[in-house]
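A.B. asks: Can you keep this structure in mind? I'll have questions shortly.
The values are calculated or read from the model by the stated rules, or taken from the named source; none is laboratory data. These numbers were taken from a predicted model, which means no experiment stands behind them. Cβ placement follows ideal geometry from the backbone for every residue including glycine, while neighbour counts extend to all protein chains displayed.
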């Protein structure tokens, strides 16, 4: 089981601090820390820390987009501190599945993501941060979103939440809507057989669900503060 | 519109998006902050669950809502048919540009602008309308959203209904104006009379005149 530090202050001061080189366990996440509503009077922000991967998300809008769609909102994702080419479209696709876009016709929702530190699994952290920031902004969504990255190691065993230094044969990131049982994002890299793919997907979904209590606790903590 | 609605139960139950609130039923309706799917009403916001009694059609319907805080919802974008409160920013020969302040009873979070075209100001004698005789910058209007506009323009709003039009006016000199009759407003300080397309909201206008005395 992953554990949460969701009540603690954001440790911005020790961003550069090296984490201890624990032997990665195949069945648990690195320590995670989630927080929403970081800035007192501006709704729509979230911070996600998974191991030493740290992502900050801020949502602007919905605001008017005079050239926008008549039926649904447009989503814009702005990354900073990260080469986003590989994951931006995945993130937009996932957010399109999450947000009830038809309620915000001719509007633009901007998600600003700042990757403060990258130690692998930026997409899973970004998916979690963006979805929680959207929820904090009060934008209507279908469900919360939980995401998980798994790696297929050269010896064909599966590892959850690999960091950057892990030698992997392939990696797979999945985002799901746990209540509706829907997958909203799959991003895979490397080579694996169809069989391995199916196994990795099932494994990733089962691990992503493990984050649901933590997301839930994080959101509740905001309502009770 | 739904004047028979009353707040009944405002529970302290906190829900997160995606939580199943109630199974669908004949007398349950998903309200703001919720949606209905596969025979269940789900929450779509983080907030408290409210159950509101709605007896509009002499049937007892309970409306389920989820609100982040007690007072109001945030982030509703304008939709066609909605009554909006708008402030006139500037006027031109063909249209008045307005900023939308709220949609029905919800204050807007984001910035939205809308155009009030000349021919949408009133429903009679459309060809004789002069914009400056109907609205002036600074006026607060009640209007209805009639269109999302085309690909380059913003929302289009209309005041071509009796109960829509100017509800608070600012005179050419910047002073506060009170409604005199259905077509004119009078300055509080100078007594100058200007013309407007006044919203015929009996209660609201009555209230504002009594307040001025």
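A.B. asks: Test each condition in (1) crowded, with 18+ Cβ neighbours inside 10 Å; (2) not assigned by TED's automatic domain parsing to the domain that holds residue B:163; (3) not in a loop (DSSP other than H, G, I, E, B) for residue B:88 and report the one that comes out false.
C.D. replies: Of (1) crowded, with 18+ Cβ neighbours inside 10 Å; (2) not assigned by TED's automatic domain parsing to the domain that holds residue B:163; (3) not in a loop (DSSP other than H, G, I, E, B), only one is false for residue B:88: (2).
To keep it simple, each residue is scored yes or no on (1) touching a helix residue (DSSP H, G or I) at 6+ places or on another chain (Cβ under 7 Å); (2) surrounded by fewer than 22 Cβ atoms within 10 Å (Cβ to Cβ); (3) at pLDDT 90 or above.
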site: A:150; (1), (2), (3): yes, no, yes
site: A:161; (1), (2), (3): no, no, no
site: A:168; (1), (2), (3): no, yes, no
site: A:203; (1), (2), (3): no, yes, yes
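A.B. asks: If I filter region A:179-186 for residues that are away from every other protein chain (no Cβ under 14 Å), within 17 Å of residue A:127 (Cα to Cα) and in contact (Cβ under 8 Å) with a residue 60 or more places away in the chain, do I get at least one hit?
C.D. replies: yes
A.B. asks: Checking residue B:99 against (1) surrounded by fewer than 17 Cβ atoms within 10 Å (Cβ to Cβ); (2) within 16 Å of the chain's Cα centre (by Cα); (3) part of a loop (DSSP other than H, G, I, E, B), which test does it fail?
C.D. replies: That leaves (3) as the condition not met.
A.B. asks: Next up: Which condition does residue A:143 not pass, out of (1) assigned to a loop (DSSP other than H, G, I, E, B); (2) surrounded by fewer than 22 Cβ atoms within 10 Å (Cβ to Cβ), if it passes all the others?
C.D. replies: (2)
A.B. asks: Applying the selection to region A:91-104, what residues are away from chain B (no Cβ under 13 Å) and crowded, with 19+ Cβ neighbours inside 10 Å?
C.D. replies: Passing the criteria: A:91, A:94, A:95.
A.B. asks: Checking the structure you have, find out if any residue of region A:178-200 is crowded, with 20+ Cβ neighbours inside 10 Å and more than 30 Å from residue A:73 (Cβ to Cβ).
C.D. replies: Yes, the conditions are met somewhere in region A:178-200.
A.B. asks: Might you check whether a residue that is within 14 Å of chain A (Cβ to nearest Cβ), at pLDDT 85 or above and crowded, with 19+ Cβ neighbours inside 10 Å occurs anywhere in region B:121-143?
C.D. replies: Looking through region B:121-143, none of the residues is within 14 Å of chain A (Cβ to nearest Cβ), at pLDDT 85 or above and crowded, with 19+ Cβ neighbours inside 10 Å.
A.B. asks: Can we say residue A:137 is more than 14 Å from chain B (Cβ to nearest Cβ), closer than 13 Å to residue A:58 by Cα, touching a strand residue (DSSP E or B) at 6+ places or on another chain (Cβ under 8 Å) and crowded, with 24+ Cβ neighbours inside 10 Å?
C.D. replies: When the stated conditions are applied, residue A:137 does not pass them.
A.B. asks: Tell me, which residue of region A:70-87 that is outside any strand (DSSP E or B) and buried (at least 17 other Cβ atoms within 10 Å of the Cβ) is modelled with the lowest pLDDT? Can you show your working first?
C.D. replies: Here is the first cut: in region A:70-87, the ones outside any strand (DSSP E or B) are A:70-73, A:81-87.
Retained after the next criterion (residues that are buried (at least 17 other Cβ atoms within 10 Å of the Cβ)): A:72-73, A:82, A:84, A:87.
Numbers: A:72: 83, A:73: 85, A:82: 79, A:84: 73, A:87: 86.
Ranking the qualifying residues of region A:70-87, first place goes to A:84.
Residues checked against (1) closer than 30 Å to residue A:67 by Cβ; (2) modelled with pLDDT under 85; (3) assigned by TED's automatic domain parsing to the domain that holds residue B:21:
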residue	(1), (2), (3)
B:43	no, no, yes
B:48	no, no, yes
B:73	yes, yes, no
B:96	yes, no, no
B:100	yes, no, no
B:105	yes, yes, no
B:110	yes, yes, no
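A.B. asks: Additional query: Taking the conditions exactly as written (part of a strand (DSSP E or B), closer than 19 Å to residue B:196 by Cβ and touching a strand residue (DSSP E or B) at 6+ places or on another chain (Cβ under 9 Å)), does residue B:146 satisfy them or not?
C.D. replies: no
A.B. asks: Looking only at region B:152-190, which residues are part of a strand (DSSP E or B) and within 14 Å of another protein chain (Cβ to nearest Cβ)? Before you say what the answer is, go through the steps one by one.
C.D. replies: Taking region B:152-190 and keeping what is part of a strand (DSSP E or B), we get B:155-158, B:165-170, B:176-179, B:184-187.
Answer for region B:152-190, where residues must be part of a strand (DSSP E or B) and within 14 Å of another protein chain (Cβ to nearest Cβ): B:155, B:156, B:157.
A.B. asks: Six or more apart or on different chains, Cβ under 6 Å: which pairs go from a residue in region A:67-79 that's more than 10 Å from every other protein chain (Cβ to nearest Cβ) to one that's modelled with pLDDT under 80 and part of a loop (DSSP other than H, G, I, E, B)? Could you list them?
C.D. replies: Listed pairs, sorted by first residue: A:74/A:65; A:74/A:68.
A.B. asks: Can you give me the number of residues within region B:84-142 that are out of contact with any strand residue (DSSP E or B) (no Cβ under 8 Å at 6 or more places or on another chain) and closer than 29 Å to residue A:139 by Cβ?
C.D. replies: Residues flagged as out of contact with any strand residue (DSSP E or B) (no Cβ under 8 Å at 6 or more places or on another chain) and closer than 29 Å to residue A:139 by Cβ within region B:84-142 amount to 2.
A.B. asks: Something else: Identify, please: which residue in region A:105-124 is part of a strand (DSSP E or B) and touching a residue at least 60 places away in the same chain (Cβ under 8 Å) and is, among those, farthest from the other protein chains (Cβ to nearest Cβ)?
C.D. replies: Keep residues of region A:105-124 that are part of a strand (DSSP E or B), which gives A:107-117.
Keeping just the survivors that are touching a residue at least 60 places away in the same chain (Cβ under 8 Å) gives A:115-117.
On the way: A:115: 25, A:116: 24, A:117: 27 Å.
Residue satisfying both the conditions and the ranking: A:117.
A.B. asks: Any residue at all in region A:213-224 that is away from chain B (no Cβ under 12 Å) and within 26 Å of residue A:89 (Cβ to Cβ)?
C.D. replies: No, the conditions are met nowhere in region A:213-224.
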